[in-house]
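Since every read-out is calculated from the coordinates, none of them should be taken as a lab result. For clarity, every value in this text was computed on a predicted model and none was experimentally measured.
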């Protein structure tokens, strides 16, 4: 059964190009180690009338947008193996300086999910 890591985070609009560069590098590393898919999506239609909108979830501030990201794996065990390798990779470690991140890590939402429906 497929497994997905999901992320929702606030990114200052002026830092979106830097975030994109970081995400492109990270996506390459994740796929190198076996992730089946890696997506980073910038908010577009966020003024919804039902449920809890993503901007409220991440306490969006003026000048920021929401990024929704996900990584797909074969299973949770596969995710754990891939992530263990990714976290040891110097390309990822070099990008993870909390003082130099293009987003507010403290307002990021993250979790691992079992796929209920999917092709």
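List of remarks:
- For the options 64, 32, 40, a Gaussian network treatment of the chain with springs between C-alpha atoms closer than 10 Å singles out 32 as fluctuating the most.
- Spatial separation of Cα centroids for the range 3-28 and the range 91-119, in angstrom: 8 Å
- Global form of the range 17-80, assessed from the alpha-carbon gyration tensor, a/c cut-off 1.5: oblate
- Within a Gaussian network of the chain (alpha carbon springs, distance under 10 Å), most fluctuating of 16, 36, 46: 46
- Each Cα pair under 8 Å and six or more residues apart adds its separation to the average, and for the chain the resulting relative contact order is 49 percent.
- Extension gain for residue 97 to residue 21 (0.36 nm times residue separation, less C-alpha to C-alpha distance): 25.8 nm.
- Eigen-decomposition of the gyration tensor built on the alpha-carbon atoms of the range 3-114 gives equivalent ellipsoid semi-axes of 24, 18, 11 angstrom, largest listed first.
- Residue with peak Gaussian network fluctuation, the chain [Cα springs, cutoff 10 Å], from 101, 50, 87: 50
- Estimated [θ] at 222 nm from DSSP helical runs (n ≥ 4, -39500 (n - 2.57)) normalised by residues in the chain, nearest 500: -10000 deg cm²/dmol
- What the Cα convex hull of the range 50-100 gives, in volume per residue, is 133 Å³.
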